[in-house]
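The structure appears right after this line, and notes come after that.
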2 protein chains.
Amino acid sequence: MPESPTLPDLDPISDRAVFRQIADHLREAIERGQLAEGDKVPSEARLMQHYGVARMTIRNALQVLQSEGLTVAEHGRGVFVRSHPPVRRLASDRFARRHREQGKAAFIAETEGAGGKPSVDSIEITEVKPSPDVAERLRLSPKDRVVRRSRRYLINGQPVETAISYIPAEIAKGTQIMQPDSGPGGIYARIEEKGYRLDRFVEDIKSRMPLRDELRALKLAPGVPVFHLVRTAYTTDGTPVEVCDTVMSSDAYVLSYELPAR
Amino acid sequence: MPESPTLPDLDPISDRAVFRQIADHLREAIERGQLAEGDKVPSEARLMQHYGVARMTIRNALQVLQSEGLTVAEHGRGVFVRSHPPVRRLASDRFARRHREQGKAAFIAETEGAGGKPSVDSIEITEVKPSPDVAERLRLSPKDRVVRRSRRYLINGQPVETAISYIPAEIAKGTQIMQPDSGPGGIYARIEEKGYRLDRFVEDIKSRMPLRDELRALKLAPGVPVFHLVRTAYTTDGTPVEVCDTVMSSDAYVLSYELPAR
DNA sequence: CTGTAGTACACGTATGTACGAGTTGAGGAG
DNA sequence: CTCCTCAACTCGTACATACGTGTACTACAG
């Protein structure tokens, strides 16, 4: 039987709400390591008994921790301290040509390098009219056409990222970009083969709570935000040739960028 | 009198939980713009009446929206659709020397450029032993000393970012870095004056839910994640000379980086 | 006209009860 | 020994009720 963490009693003088005091106790137990990753938090019934309060009060306290991303509730099993998945570091040279020339897409190369099993699913390729945002980034008019490549990336079967690329139809047409397997080096290699010389990428990064679809697609635990990253690829003459809209589980990633001081 | 949004009735056949259905209705009303930013969501009492359910059910539904960052509850006033603050874009050239030479710190220059009123408070300067993480990044031993400069940045009086810089004591000692006002061009200008030539910065970015202290310091609304950014400054010979640990309200920022394709 | 007390209304906190549904393990049937 | 049933335990959903506390408007007193 796993020994329960020793939780203090309530402070009857404090004007801090009871459920907050309880949340504090549990949070401290987690931070002190008294409740380690994967450990079971005492059940609602046990906590009710320990503190002598109603179930709603306990549930409010647990809700606080869950929204802080510290715990996950599993129906029928209990509440557990969240364990954090291995973190992938995205370095700012990950799209360097030297990587592309080795014949692997950035995601595959990186994941294998870190000892994980990469996979890609839900690949869908359609030709659509660009959204206003995409049209602006690609400097297209709303009546131009773009090819939309959407896919989901997984590591060891666990989804970590969804991505949607938009490429002007004029560029993508008749290339392997229209195929589910875009070939060695990925779509950037295909674009360069067509005579476009890639020069630089610009990535815009936001962070926010996931939408419902994203929660499902990435199998996110409650209380985990996502990175929303939009990358635009430019050629040497400054023409944008691709926009990639990516949503990543924030607890699976550290983004790393190098900035010149010049 | 503000017209209420027209909310559908419950689907008695659906096996979707009642509070989730209600949350869906409200979410859709917000997404359709029927409930615009700053609008008041119908009160708990009104929703109880409309749907004919208990208050707990309504509160659960509202809790869902709040945790998605879509609404904020204000005690005694009501529940409101969250309005998003003006967004600051952090470009990857923000520490370029040409900006520094104009005599302003990055934050001040940027904010004034965007028409906001920048301010800085809670400046504290102490000399401490580095944490293991900081020591590793600065390639110091744990018994070396570092100068710790912490401060909080505000725009129009609204806190948006907290930052803590760590500089090896050997470098900072006897310079204006030890003063609350670090002088024209900020601490990077002081470091260069001491003969160190800054070459590049590396920024590591994570996103997560705020800790309690951060929630207070940044006056964050519930359901808003933070960026946690750690920047390390390197000289031309590859020596790290500063680590800056920054926490930013994620809904006030878009981070933007340029990556070479070479 | 002004200030204030009162009041209606809003969300916050807490109690108690009931039943549903998923998980787990013990114990009995085969 | 194996399989299955069932009980016990867990969290999920929903009801009803009560009182606290902050807000804002109204009506009355001065």
Worksheet item: In the structure displayed, which of B:K40/B:K206; B:K117/B:K206; A:K219/B:K40 lie more than 30 Å apart, Cα to Cα?
Response: B:K40/B:K206; A:K219/B:K40
Item to complete: Note the distances from A:R145 to each other copy's matching label point, with points 7 Å along the Cα-to-beta-carbon direction, in nm, sorted shortest first.
Response: 7.0
Worksheet item: To the nearest 20 debye, what is the magnitude of the charge dipole of the range B:1-148 about its Cα centre, counting +1 on the Cβ of each Lys and Arg and -1 on the Cβ of each Asp and Glu?
Response: 760
Practice prompt. In nm to one decimal, list the spacings between the B:D93 label point and its equivalents in the other copies, with label points set 7 Å along Cα to Cβ, shortest first.
Written response: 2.3
Item to complete: Determine the gain in length on full extension of the stretch A:D121-A:H75; use 0.36 nm per residue of separation and subtract their C-alpha separation, reporting nm with one decimal.
Response: 13.7 nm
Worksheet entry | Cα-based reach from A:K143 at 18 Å (exclusive), listing lysines while leaving out same-chain residues under 8 positions away | A:K129, A:K173
Fill in: Computed FRET value (nearest 0.05) for B:D237 with A:N156, which takes r as the C-beta separation and R₀ as 45 Å
0.65
Worksheet item: trypsin sites (Lys or Arg not before Pro), restricted to the range A:28-59: which are DSSP loop and have at most 16 other Cβ atoms within 10 Å?
Response: A:R32
Worksheet item: To the nearest 500 deg cm²/dmol, what mean residue ellipticity at 222 nm is calculated for chain B from DSSP H runs of n ≥ 4 alone, each contributing -39,500 (n - 2.57), summed and divided by the residues?
Response: -7500 deg cm²/dmol
Fill in: Among A:G174, A:Y257, A:I155 - extreme Cα towards positive end, dipole of chain A, charges at beta-carbon
A:G174
Response to the item:
the protein assembly as shown: antiparallel bridges as % of DSSP beta bridges, rounded to 5, reads 95
Practice prompt. Provide, as a two-decimal number, the C-alpha radius of gyration of the range B:18-81 over 2.2 N^0.38 Å, N being how many residues it has.
Written response: 0.99
Worksheet item: Once amide H atoms are built 1.01 Å from N in the peptide plane, which residues 5 or more positions from A:Y253, or in another chain, come under 5 Å H to H?
Response: A:R88
Discussion item. Once the cut-off is 34 Å, how many percent of the Cα-Cα pairs in chain A end up in the long-distance tail?
Written reply: 35
Response to the item:
Calc'd 3J(HN,Hα), the range A:148-163, phi into Karplus 6.51 cos²θ - 1.76 cosθ + 1.60 (θ = phi - 60°), Hz, glycine/Pro = x, comes to 10, 10, 10, 7, 10, 9, 10, 10, 6, x, 9, x, 10, 6, 10, 9
Practice prompt. Please name whichever of A:A135, A:V18, A:F201 sits farthest to the positive end of the charge dipole of chain A, dipole taken about the Cα centre and charges placed at Cβ: Lys and Arg +1, Asp and Glu -1.
Written response: A:A135
Worksheet item: Along the Cα-to-C-beta direction of A:Q49, a point sits 7 Å from the Cα; which residues of the range A:69-88 have their amide N less than 20 Å from that point?
Response: A:76-80
Worksheet item: Treating the beta-carbon of each Lys and Arg as +1 and of each Asp and Glu as -1, no other charges, what is the dipole magnitude of the range A:88-255 about its Cα centre, to the nearest 20 debye?
Response: 100
Worksheet item: If you stretched the chain out fully between A:V87 and A:Q179, how much longer would it get, using 0.36 nm times the residue separation minus the C-alpha to C-alpha distance?
Response: 30.1 nm
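Sorted by mean Cβ packing within 10 Å, highest first, what order do the peptides A:205-217, A:161-173, A:126-138 take?
A:161-173, A:205-217, A:126-138
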Fill in: Of A:L70, A:T111, A:V53, farthest towards positive along the dipole that unit charges on Lys, Arg, Asp, Glu beta carbons give chain A
A:T111
Discussion item. Could you tell me what a quarter of the Cα convex hull surface of the protein assembly as shown works out to, in nm² with one decimal place?
Written reply: 29.4
Response to the item:
Note, the range A:132-142: 3J(HN,Hα) by Karplus (6.51, -1.76, 1.60, θ = phi - 60°), whole Hz, Gly/Pro = x, goes x, 5, 5, 4, 5, 5, 8, 6, 10, 8, x
Worksheet item: Which distances, shortest first and in nm, link B:G238 to the matching position in the other copies, using label points set 7 Å out along Cα to C-beta?
Response: 3.6
Fill in: Computed magnitude of the charge dipole of the protein assembly as shown (debye, nearest 20; Cβ of K, R +1, Cβ of D, E -1)
460
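Since every read-out is calculated from the coordinates, none of them should be taken as a lab result. Every value quoted in this text rests on a predicted model; they were computed, and no experiment measured them. For neighbour counting, all protein chains shown are included, and Cβ atoms are generated from backbone atoms with ideal geometry for every residue, glycine included.
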